[in-house]
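Input: a single structure, listed below in structure tokens.
The values are calculated or read from the model by the stated rules, or taken from the named source; none is laboratory data. Everything quoted here is computed from the prediction, not taken from an experiment. Cβ coordinates were reconstructed from backbone atoms using ideal geometry, including for glycine residues, and neighbour counts include every protein chain displayed.
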């Protein structure tokens, strides 16, 4: 069965992203900093948790798309690859950051 990013939320404290929640094939996962490394772990549905949740357009643009692969980036991040873009989650300056990588095959 192919993996699909179905839904997502971010938990924000102040103006910092504390946790990212991703629903993949009906299961929730959380991305968060623990002991100076980034963790990608199974989670409860974030709606049931007492957190301030927001939607992040940088992630929601990928909802409904099939996931090619999920890779760890040397304990500092994760990359979720789609057809020609990737979502990147990294620790930069002790903060959780989200980025998008575009791939070009021909010019």
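Checked against (1) outside any strand (DSSP E or B); (2) closer than 22 Å to residue 85 by Cβ; (3) without any contact (Cβ under 8 Å) to a residue 40 or more places away in the chain, residue 58 passes all but condition (3).
Residues in region 62-71 that are surrounded by 12 or more Cβ atoms within 10 Å (Cβ to Cβ) and touching a residue at least 24 places away in the same chain (Cβ under 8 Å): 62, 63, 65, 67, 70. Taking region 1-47 as the range and being part of a loop (DSSP other than H, G, I, E, B) and surrounded by fewer than 11 Cβ atoms within 10 Å (Cβ to Cβ) as the test, the residues that pass are 1, 2, 14, 15, 26, 35, 36, 44.
Counting just the residues of region 86-101 that are modelled with pLDDT of 90 or more and exposed (fewer than 15 other Cβ atoms within 10 Å of the Cβ), which one comes out farthest from residue 7 (Cα to Cα)?
So in region 86-101, the residues modelled with pLDDT of 90 or more come out as 86-91, 95-101.
Adding the requirement that they be exposed (fewer than 15 other Cβ atoms within 10 Å of the Cβ) leaves 95, 97, 99-101.
Numbers: 95: 23, 97: 18, 99: 17, 100: 17, 101: 20 Å.
Checked region 86-101; the qualifying residue farthest from residue 7 (Cα to Cα) is 95.
Answer with yes or no whether residue 50 is touching a strand residue (DSSP E or B) at 6+ places or on another chain (Cβ under 6 Å), at pLDDT below 95, over 22 Å from residue 91 (Cβ atoms) and loosely packed, with under 15 Cβ neighbours inside 10 Å. No: the conditions fail for residue 50. Within region 74-85, being more than 13 Å from the chain's Cα centre (by Cα) and either modelled with pLDDT of 90 or more or assigned to a strand (DSSP E or B) (or both) holds for one residue alone: 85.
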